[in-house]
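Enquirer: Before we start, here is the structure in question, set down as structure tokens.
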Amino acid sequence: MEAWRRQLNDPVSAFPIAKAGPAHIATLKTFDPPLDALGGRRFRGAGRRGKRLLFPTDDEELVLLVHLMSAGRLKFLQASEKGPKTPAFALEFHGGSKLILTENARKKRAGVWLLTPEAAEAELAHLGPEALGLGPERLGEIVHGESRRLHALLRDQRLIAGIGRAWANEILHEAKLSPYALTGDLDDEEVTRLAAAIDSELQRGLELREAGASDEKTYHVHRRLGEPCHVCGTPLAQVDFEEHTIYYCPACQTGGRVLKDRRLSRLLR
């Protein structure tokens, strides 16, 4: 998200908005203010809070909030570039450039909100502190606040904002911690290791994404089932859930133990 924010900051503020929309009925989450209220206004740039992108107008009256979820993609098109025929959301600037949101998924979960600054603040109020730069002391308070599996806690935006499924996999591999570890059981050294892994992995991802790296070049663990771990060579394993999949290295993270795949176990009964 931060790489997208940096990439979009200058282009979206270069020209006033000529037209906002169309938007898919499942994508647009608000109706008041209406989208056409953006016409003639100019964005101040692009901001971010957790996994949400924010586009405030320079008159400080409106904020366009975009949540891509797992399958949404934002792209800025120059006037000469062709875009998809039916985007989930489109916004055109004077001069012909466009901001396009697409979602290649059966379930449409990406969302666009047009809000006042006060409403945007309320919409984001539930989010926890930003993940990058959290530090071991603050992280320790969070992980010891309740006993949960570590992978689930890292993805909980109410506790830590900005970590999704893929980076939870990468961070836990770097920290050499099991995704099933209970947060209340982590000692100080493990919390320190986890805090360092959060910073190093998110920074690595940001640098690679800014350089235009693909998923294949970016991820060491995520979506690499059966491939050799880049640290020890052990085939990577997974735990498959209804809505997400955990990837991990048995040797580096779980002491050689293969975690039970509950979804597969139910199918085999």
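Any read-out appearing in this document is the output of simple, stated calculations on the displayed coordinates, not a laboratory observation. All values derive from a computational prediction rather than experimental measurement. Positions of Cβ are backbone-derived with ideal geometry, glycine not excepted, and every protein chain shown enters the neighbour counts.
Enquirer: For the range 176-251, with the dipole built from +1 on Lys and Arg beta-carbon atoms and -1 on Asp and Glu ones, taken about the Cα centre, which of I246, H230, L182 lies farthest toward the positive end?
Expert: H230
Enquirer: Sorted by mean Cβ packing within 10 Å, highest first, what order do the peptides 250-256, 149-155, 116-122 take? Intermediate results must be reported in sequence, preceding the final value.
Expert: Details: 250-256: 17.0, 149-155: 19.6, 116-122: 14.0.
Packing proxy ranking, top to bottom: 149-155, 250-256, 116-122.
Enquirer: Cα centroid distance between the range 46-62 and the range 166-213, in Å?
Expert: Here the answer is 27 Å between Cα centres.
Enquirer: Restricting to the chain, compute how many DSSP beta bridges are antiparallel as a %, nearest 5.
Expert: Percentage antiparallel, nearest 5: 95.
Enquirer: May I ask you to evaluate 6.51 cos²θ - 1.76 cosθ + 1.60, the Karplus curve with θ = phi - 60°, for each residue of the range 248-257 and list the ³J(HN,Hα) values in order in whole Hz, giving x for glycine and proline?
Expert: 7, 10, x, 6, 6, 10, 10, x, x, 7
Enquirer: If r is the Cβ-Cβ distance from K107 to E189 and R0 is 35 Å, what FRET efficiency results, to the nearest 0.05?
Expert: So, using R0 = 35 Å, E works out to roughly 0.30.
Enquirer: Once label points are set 7 Å from the Cα along Cα→Cβ at both E227 and K82, what is their separation, rounded to one decimal in nm?
Expert: Each label point is offset 7 Å from its Cα along the Cβ direction, giving 3.2 nm.
Enquirer: What 222 nm value per residue comes from the helices of the chain, counting each DSSP H run with n ≥ 4 as -39,500 (n - 2.57) and dividing by all residues, nearest 500 deg cm²/dmol?
Expert: Values: 9 runs with 81 residues, N = 269.
Only helices count here, giving -8500 deg cm²/dmol.
Enquirer: Something else about it: Could you list which residues have their amide H under 5 Å from that of R41, counting only those 5 or more apart in sequence or on another chain, with H placed in the peptide plane?
Expert: Distant-sequence amide H within range of R41: I17.
Enquirer: Taking the simple approach of a point 7 Å from Cα along Cα-to-Cβ for both T116 and S214, what is their distance in nm?
Expert: Computed distance between label sites T116 and S214 equals 4.8 nm.
Enquirer: What is the mean projected area of the alpha carbon convex hull for the range 75-231, to one decimal in square nanometres?
Expert: Values: hull surface 49.7 nm².
Seen from a random direction, the Cα hull of the range 75-231 projects 12.4 nm² on average.
Enquirer: With springs only between Cα atoms under 10 Å, which of K98, K107, K75 fluctuates most in a Gaussian network model of the chain?
Expert: K107
Enquirer: In addition: Assuming R0 = 45 Å, can you tell me the calculated FRET efficiency for the pair A18 and D240, based on Cβ-Cβ distance, to the nearest 0.05?
Expert: On the way: r = 45 Å, r/R0 = 1.00.
So, using R0 = 45 Å, E works out to roughly 0.50.
Enquirer: Given Cα pairs under 8 Å that are at least 6 residues apart, what percent is the relative contact order of the chain?
Expert: Working: 493 pairs, mean separation 39.1, N = 269.
Relative contact order of the chain: 15 percent.
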